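What follows is a short report on a single structure.
The values are calculated or read from the model by the stated rules, or taken from the named source; none is laboratory data. All of these numbers come straight from a predicted model, not from anything done at the bench. No Cβ is skipped: glycine too gets one built from the backbone with ideal geometry, and neighbour counts run over all protein chains shown. In case anyone asks, the SASA skips ligands and DNA or RNA and just uses the protein heavy atoms, side chains included. Shrake-Rupley method; radii C 1.70, N 1.55, O 1.52, S 1.80 Å.
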Amino acid sequence: MCGRYALTSTPEYVGEGLGVLLSEGFPARYNIAPTQPILVVISGDRQERGSNLPDRRAVLVRWGFTPAWVKDPKEFPLLINARAETAIGKASFRAAMRHRRILIPASGFYEWRRPSKESGEKSQPYWIRPRDGGVIAFAGLMETWASADGSEVDTGAILTTAANRTMRPIHDRMPVVIKPEDFARWLDCKTQEPREVLDLMAPVQEDFFEAIPVSDRVNKVANMGPDLHEPIAIEASTKPSKKSDPGDGQLNLF
């Protein structure tokens with residue numbers, strides 16, 4: 001799945017990469033966790049002909065999707081991920097897939113390889129980043145939940161898909177990555193119905209990401225420094241094996 005990620009690029013770089021104007025700066029974030037505010041990009045008002053302003057907007061939402069029909073969020077599970085294969089038909093995500101698809105900028109994400117309990121091995125976190133660096137965009141969904149007193153909370157989830165060969169030895173799921181040339185199509189909820197963007201939710205190419213073993217300091221949300229990305233040496237027994245069963249004891253942290 002995807003239970004932690006990072007966004008360490010500068011606001012200027014993020015804005016240029018996703019084609020959006022960012023009115024305010026933000027600090028590098030090395031350990032973004034569920035329930036925290038996250039930056040997302042949504043489709044905005046179409047600009048007048050001849051304008052060079054982007055028709056996208058950046059907003060903050062809470063990471064943890066709450067469908068509009070939920071009466072009490074405290075009694076509803078925190079939905080940080082949505083499975084790309086079933087989101088169209090799920091009651092929780094159906095409306096958002098049709099009307100509120102978003103982009104979630106990131107520098108990479110963390111995933112934990114979890115051996116079976118019988119092995120006695122410790123879980124090993126990995127920093128998963130694009131080999132060429134830069135900012136990427138996860139596919140996401142957004143929903144605004146309104147309470148009985150009229151207050152509103154914008155919430156979001158990251159779409160995940162089956163892991164590719166690079167990720168499979170670590171975990172059987174990974175975030176959906178939208179390519180820059182497909183940003184407009186993914187965000188266009190007016191003319192592009194969910195079935196017309198299914199092809200965008202396939203696993204990214206095999207060599208897109210690289211997996212770097214890092215310390216378990218990332219397990220604690222309070223740890224937020226760049227040292228979380230420093231590679232560590234791991235024992236041979238804890239290295240992911242390409243022959244291993246991707247579903248054997250590998251569960252998401254959240």
About the Cα centre of the chain, what is the dipole size in debye to 20, counting +1 per Lys and Arg Cβ and -1 per Asp and Glu Cβ, all else neutral?
-> 440
Overall form of the range 106-160 per C-alpha gyration tensor (a/c, 1.5; a/b vs b/c) = oblate
Separation of the range 157-226 and the range 72-100 by C-alpha centroid, Å?
-> 17
From highest to lowest solvent-accessible area (probe 1.4 Å; ligands, DNA and RNA excluded), Glu196, Glu152 read Glu152, Glu196
How long is the range 151-225 along each principal axis, judged by its Cα atoms, biggest number first, in Å?
-> 45, 42, 20
Measure off 7 Å from each Cα along the Cα-to-Cβ vector at Leu198 and Asn223, then give the distance between these two points in nanometres to one decimal.
-> 4.2
What is the log10 of I(q)/I(0) for the range 51-94, computed with the Debye formula using one identical point scatterer on each Cα and no solvent, at q = 0.22 Å⁻¹?
-> -0.86
With a Förster distance of 30 angstrom and the Cβ-Cβ distance between Thr86 and Val59, calculated FRET efficiency to the nearest 0.05 equals 0.70
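For Glu152 and Glu206, what does the FRET efficiency come to when R0 = 30 Å and r is the distance between their Cβ atoms, rounded to the nearest 0.05?
For Glu152 and Glu206, the calculated efficiency is 0.15.
What is the percent carbon and sulfur in the accessible area of the chain, measuring with a 1.4 Å probe over the protein chains and ignoring ligands?
50
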Provide, for the chain, the number of lysine pairs with alpha carbons under 26 Å apart, each pair being eight or more places apart or on different chains.
-> 15
Does the range 47-166 come out rounded, prolate or oblate, given a ≥ b ≥ c as the square roots of the eigenvalues of its C-alpha gyration tensor, rounded meaning a/c under 1.5 and, failing that, prolate meaning a/b above b/c?
-> oblate
Quick one: length gained pulling Ala95 to Ala68 fully straight, 0.36 nm per residue minus the C-alpha distance?
-> 8.8 nm
Could you calculate the FRET efficiency of Asp182 with Lys117 from 1/(1 + (r/R0)^6), where r is the beta carbon distance between them and R0 is 45 Å, rounded to 0.05?
-> 0.65
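When the helices in the chain are scored as -39500 (n - 2.57) per DSSP H run of 4 or longer and the sum is shared across all residues, what 222 nm value do you end up with, to the nearest 500 deg cm²/dmol? Walk me through the numbers on the way to the answer.
Details: 3 runs with 19 residues, N = 254.
Calculated from helices alone, the mean residue ellipticity at 222 nm is -2000 deg cm²/dmol.
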Got a number for the accessible area of Lys179? Probe 1.4 Å, square angstrom, nearest 10.
-> 100
